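Reviewing the structure listed below.
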Amino acid sequence: MRPGDVFQMARTECGELGVSVLRQGNLIFAAGEVSAAQLGSTIQARVPGELIQGAERLFRQHDPKFEFSDLPIEIGSAEECSIQFHGSVSRMVITLGSAMVFFRVFPARQNVWQSR
């Protein structure tokens, strides 16, 4: 970190912690539940609810009770997007422009994304 960098911490409605470092409004680093963290003006993170619902509808054509046990997270900018689907011990690194986003997707299935 450099003088003037902004370190931020935020929690989701479920209490998960996300942290980030911004330099002049641009993301330098993010970790934890990045969908809760400030990621600057060019990078967004979210649980892609509409994609999850569509995929579940397809699977339910073969198994009417199907639901994902883990929820993916979508991290993207105007140039690129990545959807990661992993359990609680997985850690992923995505390079978006000059920023490296480290994140962890937790397996708890919570319907927080439906309210967004």
Among the residues of the stretch 74-81, is there at least one that is free of Cβ contacts under 8 Å to residues at least 24 places away in the same chain, under 22 Å from Gly18 (Cα atoms) and within 16 Å of the chain's Cα centre (by Cα)? yes
Output for the stretch 7-51, where each listed residue is surrounded by fewer than 18 Cβ atoms within 10 Å (Cβ to Cβ) and out of contact with any Gly (no Cβ under 8 Å at 6 or more places or on another chain): Phe7, Gln8, Glu13, Cys14, Gly15, Phe29, Arg46, Pro48, Gly49, Glu50, Leu51
Can you find a residue that is surrounded by fewer than 19 Cβ atoms within 10 Å (Cβ to Cβ) and closer than 21 Å to Arg11 by Cα anywhere in the stretch 60-68? no
Failed condition for Glu56, given (1) in a loop (DSSP other than H, G, I, E, B); (2) surrounded by 10 or more Cβ atoms within 10 Å (Cβ to Cβ); (3) at pLDDT 80 or above; (4) of a type in the set (Asp, Glu): (1)
Among the residues of the stretch 1-26, count how many are in a strand (DSSP E or B) and either on the phi > 0 side of the Ramachandran plot or over 14 Å from the mean Cα position of the chain (by Cα) (or both). 8
Pairing a residue in the stretch 51-64 that is without any contact (Cβ under 8 Å) to a residue 12 or more places away in the chain with any residue that is surrounded by 11 or more Cβ atoms within 10 Å (Cβ to Cβ) and part of a loop (DSSP other than H, G, I, E, B), where Cβ atoms lie under 7 Å and the two sit 6 or more apart in sequence or on different chains, gives Phe59/Phe66; Arg60/Phe66
I need every pair where a residue in the stretch 33-47 that is more than 14 Å from Gln84 (Cα to Cα) has its Cβ under 6 Å from the Cβ of a residue that is of a type in the set (Ser, Thr, Tyr) and at pLDDT below 85, sequence separation at least 6 or different chains. Ala36/Thr12; Thr42/Ser77; Ile43/Ser77
Step by step: first the residues of the stretch 69-94, then only those that are surrounded by fewer than 17 Cβ atoms within 10 Å (Cβ to Cβ), hydrophobic (A, V, I, L, M, F, W, C) and under 22 Å from Met9 (Cα atoms), then the one that is modelled with the lowest pLDDT. Which residue is that? Val89
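The values are calculated or read from the model by the stated rules, or taken from the named source; none is laboratory data. Here the structure is a predicted model, which is why all the values come from computation and not from measurement. Glycine gets a Cβ as well: all are built from the backbone with ideal geometry, and neighbour counts include every protein chain shown.
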